[in-house]
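Since the structure comes first, as structure tokens, the remarks are kept for the end.
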Amino acid sequence: MSGQVATVSPHDSVRLGGHRTPRVVLAKAAKWSVLALFLIVTLFPLLWLLLQTFKTNAEFVMNPLALPSGFHYQNYVDAVQISGLPRLLMNSVIVSSASTAINMLICSMGAFVFARERFKGQQLIVTIILAGVLVPIIALMLPYYRIIRGLGLFDSLAGLTLVYVAINIPISTFLLQGFMKSIPFEMEEAGVIDGCNFWQRYWLIVLPLSKLGIVTAGTFVFLFSWNEFVYALLLTASFTTRTLQLGIRDFQGQFFTNYTGMYAAITLSIIPSVIVYVFFHERIISGLTSGALKT
Amino acid sequence: MTLHKHWKGIALFLLPVGVMYVTFFIYPLGYVFVVSLTDYRGFGAMEFVGLANFRRIFGMTNFQFGLRNNLIWALSLGFGQVALAALVAMILARKPPFWRFLRTAYFLPNVISQVAIAMLWYTIYRESFGLLNTTLRAMGLDHLALNWLGNLSTALPAVILQQLLYIGYFMIILLAGVMSIPRSLYESAEIDGANVFQQEVFITIPMVKDIAVVAMTLAMAFGIRHFEATFLLTGGGPANRTMTLGILLHRNLHAANYGRASAISAVLIIVGALIIGLTRHLLTTRSAIEDVKQ
């Protein structure tokens with residue numbers, strides 16, 4: 001048997017060599033039940049929500065389980081008008097993009113030093129920064145509130161951006177320095193011979209080679225900032241600085257009994273995350289994978 | 001590369017990230033522990049009061065519920081969610097048909113905000129027009145239809161479940177671990193007559209243990225810092241049954257009870273460190289610091 005299986009994954013040999021005993025059938029059924037159960041749990045609520053948005057509110061109240069009678073897009077028109085989504089989206093785009101850009105700049109500079117230089121105390125500094133991953137950030141509500149107030153940045157997108165940049169330092173440093181360590185030194189050495197200074201080694205050689213690592217870490221920072229709720233709640237107060245996540249919380253009060261309108265608003269709020277996922281899921285998975293294998 | 005030559009460059013490159021880290025990690029941690037020993041209310045002088053804030057909060061019912069619930073959260077995610085994720089990871093590692101699609105699908109909810117997910121589950125759990133109750137009623141099980149989030153005994157399980165079931169994050173981490181196990185181990189076990197179940201128990205589980213502990217550590221950290229779903233679904237009610245320290249901290253901060261809020265923060269940080277440290281101590285011989293290092 002083993003000779004035959006050599007070209008296939010050894011895991012498959014279980015299937016190839018599997019005897020159709022009741023136990024094998026049972027194991028197979030159990031396996032697919034688990035996979036199906038989690039698929040249902042994962043996707044069904046989302047699909048159900050999406051279906052409701054095509055119903056009229058009366059249809060929904062009559063029977064939340066029925067399929068929509070037609071394609072009613074009115075809910076989406078209501079959603080945009082009632083919730084002020086454009087403004088919420090714009091604020092979220094500004095904060096998330098700015099946080100990602102600034103975080104990538106400062107963390108890639110730090111990671112460059114950690115990955116490509118050796119100096120005294122380096123290991124200690126790296127350890128302290130990476131240990132930040134385990135700090136329960138919500139426990140720091142009070143000091144963050146005081147710092148942002150002290151800087152005069154309360155209720156501003158800049159204040160929120162500053163906090164998001166900071167919170168993501170440990171995860172970005174971890175991903176970026178891991179990636180930069182894997183880049184061979186030859187090109188950098190050639191650059192030094194050609195007269196590259198410190199800044200040029202970073203900007204012209206290492207950074208361009210770290211594109212994939214930047215995209216991975218950047219995706220994590222962007223999604224974090226896009227989805228963050230606690231500090232948006234704490235550090236902003238007015239409608240003009242409200243981000244999408246804060247807006248979602250208000251849907252209940254805004255839509256009252258217009259359930260399908262509210263569901264449309266929730267659906268619209270989810271779409272950007274899903275789009276990011278569709279384009280970057282390989283990067284996210286590889287980021288988590290490399291993180292898991294390095295530890 | 002070369003030493004000393006670039007010290008100016010090194011210092012300059014570390015400056016921004018260093019300033020931010022000191023301002024938003026080191027200073028706040030110190031701030032919380034110092035202020036927790038005072039009666040500070042946001043203005044005037046800080047009066048040192050020793051451990052009075054801690055004595056006070058440990059006597060409060062909502063704090064007791066909060067601490068208990070945070071531990072339940074941490075353990076449910078650390079053990080329950082990671083175990084479920086490990087089960088799915090072991091199945092997917094054998095590359096059944098559609099395994100790539102399933103891996104991508106399971107992770108999808110993890111990119112959606114906790115706020116949107118909580119709103120989604122509100123539409124599932126709500127008493128009238130809720131997906132769960134309408135389904136139960138459609139099946140003739142009217143007596144099982146409950147006010148899931150308002151009932152004293154179902155509220156906490158309901159809130160935890162809506163997070164616990166989304167295993168994607170830890171599944172991906174564990175899947176990477178399981179897939180990195182050399183295939184030859186399974187081949188020789190198979191030649192020796194070990195069935196799939198035995199292979200998983202005697203090869204996969206011991207080989208993936210270190211990564212599983214990392215996943216558990218992260219899951220517990222997530223459990224300790226839990227906030228959104230509880231804040232939105234129940235606000236800590238009914239009768240403190242879903243209270244968490246994060247919600248209590250938020251309330252005390254808004255009431256400008258800074259000393260007490262800081263004491264809650266300090267407990268959150270210490271309990272988080274203890275539970276994570278203890279788990280790792282019991283399950284591995286490596287220290288957390290070594291793991292965070294590369």
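Odds and ends about this structure:
Every residue, every condition in (1) at pLDDT 90 or above; (2) over 30 Å from A:D78 (Cα atoms), yes or no:
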residue	(1), (2)
A:M180	yes, yes
A:A217	yes, yes
A:V221	yes, yes
A:A232	yes, no
A:T241	yes, no
A:Q245	yes, no
A:R249	no, no
A:F255	no, no
A:A265	no, no
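- Meets criteria (part of a loop (DSSP other than H, G, I, E, B), more than 8 Å from chain A (Cβ to nearest Cβ) and at pLDDT below 90) for B:G277: no
- Taking segment A:247-287 as the range and being closer than 15 Å to B:I112 by Cα, aliphatic (A, V, I, L, M) and more than 8 Å from chain B (Cβ to nearest Cβ) as the test, the residues that pass are A:A265, A:L268, A:I271, A:I275, A:V278.
- Test: A:S273 is touching a Phe, Trp or Tyr at 6+ places or on another chain (Cβ under 7 Å), closer than 19 Å to A:L43 by Cβ, open to solvent by less than 10 Å² (accessible area, probe 1.4 Å) and touching a residue at least 40 places away in the same chain (Cβ under 8 Å): yes
- Each residue in segment B:124-157 was checked for being surrounded by 15 or more Cβ atoms within 10 Å (Cβ to Cβ), more than 16 Å from A:W48 (Cα to Cα), without any contact (Cβ under 8 Å) to a residue 60 or more places away in the chain and among the small types (G, A, S), and 1 of them qualify.
- Between B:I211, B:I224, B:I173, the distinction of being buried (at least 22 other Cβ atoms within 10 Å of the Cβ), in contact with a Ser or Thr (Cβ under 8 Å, 6 or more places away or on another chain) and modelled with pLDDT of 90 or more belongs to B:I173 only.
- Filtered by the rule that a residue be away from every other protein chain (no Cβ under 11 Å), among the hydrophobic types (A, V, I, L, M, F, W, C) and closer than 26 Å to A:L293 by Cβ, segment A:172-204 gives A:L175, A:F179, A:M180, A:I183, A:M187.
- In segment A:155-190, the residue that is farthest from A:P136 (Cα to Cα) out of those that are small (G, A, S) and assigned to a helix (DSSP H, G or I) is A:A190.
- Some residue of segment B:149-157 being more than 9 Å from every other protein chain (Cβ to nearest Cβ), of a type in the set (G, A, S) and part of a helix (DSSP H, G or I): yes
- Qualifying residue in segment B:122-131 (condition: at the interface with chain A (Cβ under 7 Å from one of its Cβ atoms), closer than 23 Å to A:S273 by Cα and part of a helix (DSSP H, G or I)): yes
- When every residue of segment A:94-112 is checked against the conditions, none turns out to be of a type in the set (F, W, Y), crowded, with 19+ Cβ neighbours inside 10 Å, in contact (Cβ under 8 Å) with a residue 40 or more places away in the chain and touching a Ser or Thr at 6+ places or on another chain (Cβ under 8 Å).
- B:A89, sole failed condition from (1) open to solvent by less than 60 Å² (accessible area, probe 1.4 Å); (2) under 18 Å from the mean Cα position of the chain (by Cα); (3) within 11 Å of chain A (Cβ to nearest Cβ): (2)
- Test: residue in segment A:122-131 that is open to solvent by less than 40 Å² (accessible area, probe 1.4 Å) and either in contact (Cβ under 8 Å) with a residue 60 or more places away in the chain or within 30 Å of B:F129 (Cβ to Cβ) (or both): no
- Test: residue in segment A:208-229 that is open to solvent by less than 10 Å² (accessible area, probe 1.4 Å) and not in a helix (DSSP H, G or I): yes
- Pairs, first of a type in the set (S, T, Y) in segment B:198-216, second modelled with pLDDT of 90 or more, C-beta under 6 Å, six or more apart: B:T204/B:M90; B:T204/B:V178
- Residue match in segment B:61-80 (condition: at the interface with chain A (Cβ under 10 Å from one of its Cβ atoms), outside any helix (DSSP H, G or I) and open to solvent by less than 60 Å² (accessible area, probe 1.4 Å)): no
- Tally, over segment B:56-92, of residues that are of a type in the set (S, T, Y) and under 28 Å from B:L102 (Cβ atoms): 1
- If you check A:S108, A:S92 for being closer than 13 Å to A:S225 by Cα and either acidic (D, E) or assigned by TED's automatic domain parsing to the domain that holds A:V192 (or both), only one passes: A:S92.
- Scanning segment A:236-265 for residues that are part of a helix (DSSP H, G or I), more than 24 Å from the chain's Cα centre (by Cα) and surrounded by fewer than 18 Cβ atoms within 10 Å (Cβ to Cβ) returns A:F239, A:T240, A:Q252, A:G253, A:Q254.
The values are calculated or read from the model by the stated rules, or taken from the named source; none is laboratory data. Bear in mind the structure is a predicted one, so any value in this text is a computation, not a measurement. Don't worry about glycine lacking a Cβ; one is built from the backbone with ideal geometry, like all the others, and counts go over all protein chains shown. Surface accessibility is based on the protein's heavy atoms, side chains included, excluding ligands, DNA and RNA. Shrake-Rupley method; radii C 1.70, N 1.55, O 1.52, S 1.80 Å.
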